[in-house]
Amino acid sequence: MSSGLSPGFGDPVGDAQSCFRAVLDAMARPGQVHRVGGVTAPGPLCNAAAAVLLTLADQETPLWLDEAAEPARAWIAFHTGAPIVATGRAMFAMALSLPDLSDFSDGSDEMPETSATIILQTASLREGRRFVMEGPGLREPRTLAIDGVPADFGGLWQRNHGLYPRGVDLILCAGDELTALPRSVSIREA
Amino acid sequence: MNDSAVPDHPCPARRRWMAVLARAKADSIAGLLGACGPLPAHMILRGPEPGLVMVRGRTGGGGSSFNLGEMTVTRCTVRTDTGFVGHAYVAGREERRAELAALVDALMQDDERSAAIEAHVIAPLERQQTDLKAGRAAKAAATRVQFFAMQTMRT
């Protein structure tokens, strides 16, 4: 049983708490970019995506895994214990390219919190396609650059935003950085 | 602790050595491992971290199960430089003991080493444990009251 498993967080409690705080702040202030650390990710995941998975996923959160993320499956299974499921049943999704958002649970009007949260790994949050974001948590519109989303991302996101209070939330990760795009935020290409 | 109850275990050999390691003391594992020559370096994948597990019981084997209580368990997972991953769950909070047990579990999966580790570590530990158990059983047996003898005396 030879394997290339690598360790998780260096300081499991402290690192998970500071990553949780970063995700919380990013959700509250959409588009604000935070640095997270404490883990060296297994390929093909970036460090931020791995940190978010270690922080949020556990035995009770069914996870959908992008086919391209298959090499990291053993690592995710060992460190989080999250069951790998099909899109419709997932509470979290780990995607290396934008999946079809309508495949995932968008909750119900009575329980919108049961929708899925998608962790999307991108090439960069500093350069690339630029979007202007507006909504709760933003006193003024904020511009966010994302490298690694399809050309029609603005339209796809607006369809998800239109479902509010239902809809999925997005956590964007690139390298050691993350930011969030909650369903309450509307975007347009700058 | 009768571990012959579960049939069709996927790896009965590993089950045996993990049970032996879970009952062994840290100093005895370390002492016996020292005699095995140079060992591959290892890195820690998880832990050693203490936690609680719920121990469940069942009256008479047929009753419905109930929560007996929680016990402290320390777990650890290591990977040797040769690529073998070893796990250990031991009772109590002794971290060194969990790490050593996990290391031996990893070494036992390496076909090149398993024979030597079996001979120098697992077999002696198992012998110690069965001797201890037999000693205790003998001591307890000496104080056993034979009720049927008293009955015979009265008639």
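A single member of B:A24, B:A13 is within 15 Å of the chain's Cα centre (by Cα), within 14 Å of chain A (Cβ to nearest Cβ) and either exposed (fewer than 15 other Cβ atoms within 10 Å of the Cβ) or in contact (Cβ under 8 Å) with a residue 60 or more places away in the chain (or both), and it is B:A13.
Just one residue in the set B:L100, B:L132 is farther than 26 Å from B:G69 by Cα and within 13 Å of the chain's Cα centre (by Cα); that residue is B:L100.
Among the residues that make up region A:8-20, is at least one of them more than 13 Å from chain B (Cβ to nearest Cβ), surrounded by 12 or more Cβ atoms within 10 Å (Cβ to Cβ) and within 15 Å of A:E177 (Cβ to Cβ)? Within region A:8-20, one or more residues are more than 13 Å from chain B (Cβ to nearest Cβ), surrounded by 12 or more Cβ atoms within 10 Å (Cβ to Cβ) and within 15 Å of A:E177 (Cβ to Cβ). Given the condition loosely packed, with under 15 Cβ neighbours inside 10 Å and of a type outside the set (S, T, N, Q), answer yes or no: does some residue in region A:45-57 qualify? No - not one qualifying residue is present in region A:45-57.
Within region A:113-131, how many residues are surrounded by fewer than 16 Cβ atoms within 10 Å (Cβ to Cβ) and farther than 23 Å from A:D176 by Cα?
Qualifying residue count for the region: 2.
Of everything in region A:21-41 that's surrounded by fewer than 18 Cβ atoms within 10 Å (Cβ to Cβ) and free of Cβ contacts under 8 Å to residues at least 60 places away in the same chain, which residue is farthest from the other protein chains (Cβ to nearest Cβ)? It comes out as A:D25. Of everything in region A:152-178 that's in contact with a strand residue (DSSP E or B) (Cβ under 7 Å, 6 or more places away or on another chain) and part of a loop (DSSP other than H, G, I, E, B), which residue is nearest to A:M91 (Cα to Cα)? Only one residue fits best here, namely A:V168. Kindly indicate whether B:G135 is more than 22 Å from B:K25 (Cβ to Cβ) and either exposed (fewer than 14 other Cβ atoms within 10 Å of the Cβ) or touching a residue at least 60 places away in the same chain (Cβ under 8 Å) (or both). Judged against the criteria, B:G135 is not a match. Of the residues in region A:156-176, how many are in contact with a Lys or Arg (Cβ under 6 Å, 6 or more places away or on another chain) and within 20 Å of A:L54 (Cα to Cα)? Within region A:156-176, residues that are in contact with a Lys or Arg (Cβ under 6 Å, 6 or more places away or on another chain) and within 20 Å of A:L54 (Cα to Cα) number 2. Exactly one residue out of A:A22, A:A93 is in a helix (DSSP H, G or I), within 30 Å of A:I187 (Cα to Cα) and among the small types (G, A, S), and it is A:A22.
Inside region A:131-145, residues that are free of Cβ contacts under 8 Å to residues at least 24 places away in the same chain and either assigned to a strand (DSSP E or B) or of a type in the set (S, T, Y) (or both) make up a count of 1. Quick check on region A:79-88. Is at least one of its residues within 14 Å of chain B (Cβ to nearest Cβ) and either under 21 Å from A:V168 (Cα atoms) or buried (at least 17 other Cβ atoms within 10 Å of the Cβ) (or both)? Checked region A:79-88: at least one residue is within 14 Å of chain B (Cβ to nearest Cβ) and either under 21 Å from A:V168 (Cα atoms) or buried (at least 17 other Cβ atoms within 10 Å of the Cβ) (or both).
Is there a residue being crowded, with 18+ Cβ neighbours inside 10 Å, within 14 Å of another protein chain (Cβ to nearest Cβ), modelled with pLDDT of 90 or more and part of a strand (DSSP E or B) anywhere in region B:36-44? Yes, region B:36-44 contains a residue that is crowded, with 18+ Cβ neighbours inside 10 Å, within 14 Å of another protein chain (Cβ to nearest Cβ), modelled with pLDDT of 90 or more and part of a strand (DSSP E or B).
Being more than 14 Å from the chain's Cα centre (by Cα), within 14 Å of chain A (Cβ to nearest Cβ), surrounded by fewer than 20 Cβ atoms within 10 Å (Cβ to Cβ) and among the hydroxyl-bearing types (S, T, Y) holds for only one residue in B:T77, B:T143, B:T82, B:T72, and it is B:T82.
So, A:V149, is that one part of a strand (DSSP E or B) and either out of contact with any Lys or Arg (no Cβ under 9 Å at 6 or more places or on another chain) or not polar (S, T, N, Q) (or both) or not? Considered against the rule, which asks whether it is part of a strand (DSSP E or B) and either out of contact with any Lys or Arg (no Cβ under 9 Å at 6 or more places or on another chain) or not polar (S, T, N, Q) (or both), A:V149 comes out as no.
Has region B:54-67 got any residue that is surrounded by 15 or more Cβ atoms within 10 Å (Cβ to Cβ) and either within 14 Å of another protein chain (Cβ to nearest Cβ) or free of Cβ contacts under 8 Å to residues at least 24 places away in the same chain (or both)?
No - not one qualifying residue is present in region B:54-67.
The residues of region A:164-190 that are surrounded by fewer than 22 Cβ atoms within 10 Å (Cβ to Cβ), without any contact (Cβ under 8 Å) to a residue 60 or more places away in the chain and in contact with a Ser or Thr (Cβ under 9 Å, 6 or more places away or on another chain), listed by number, are A:Y164, A:P165.
The values are calculated or read from the model by the stated rules, or taken from the named source; none is laboratory data. If you're wondering where the values come from, they're calculated on a predicted model, not measured in any experiment. In this analysis, Cβ positions are derived from the backbone assuming ideal geometry, glycine residues included, and neighbour counts consider all displayed protein chains.
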